[in-house]
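The structure appears right after this line, and notes come after that.
The values are calculated or read from the model by the stated rules, or taken from the named source; none is laboratory data. Everything quoted here is computed from the prediction, not taken from an experiment. With ligands, DNA and RNA removed, areas are computed over all heavy atoms of the protein, side chains included. Shrake-Rupley method; radii C 1.70, N 1.55, O 1.52, S 1.80 Å.
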Amino acid sequence: MPAAPEAVWEVIADPHSHVRTLPSSVSRIEVDDSGEISCVVSAMGKSEPMRVRRTLLEPPRRLVEERVDGRRAGRTEFVIAPQGSGSHVTLTAEIELSMLLAGVAKGAVTHGLEQQLANLEREATAG
């Protein structure tokens with residue numbers, strides 16, 4: 001993406017900016033005073049409340065968030081590397097799902113991650 005690693009970091013490290021990158025499958029988003037994010041995630045006709053906490057911050061290269069609501073394990077990791085005058089961002093998600101559900105959900109999860117990366121690029125280059 002054309003934004004420098006520091007610009008990308010500014011967006012993902014600030015929970016209030018970070019939520020503007022979330023895909024359309026995430027709604028009812030709230031950021032509390034600690035920076036934890038509460039929201040509702042929807043996929044394949046189902047919706048589920050979720051709470052996420054930033055658990056690892058290595059500015060400006062890596063941020064890890066983990067689901068902390070007790071419903072299911074989940075982890076998202078952003079890795080930012082310089083690339084020319086911009087950045088290469090790798091976004092990975094690990095979600096605890098049954099094997100059957102995981103196969104069906106893969107497309108929706110991939111689409112959501114792609115949408116989040118596009119939104120991140122928009123936010124990081126808007127300044």
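Below are the figures for this structure:
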item	result
Angle between the chain longest axis and helix 99-125 axis [Cα atoms, degrees, rounded to 10]	30 degrees
Taking the chain and dividing mean pair separation by its residue count, relative contact order in percent (alpha carbons under 8 Å, at least six apart)	29 percent
The chain - percent of accessible surface contributed by carbon and sulfur, probe 1.4 Å	53 percent
Cα shape, region 8-48, gyration tensor, a/c 1.5 rule	oblate
Solvent exposure of the chain as accessible area per residue, Å², 1.4 Å probe	57 Å²
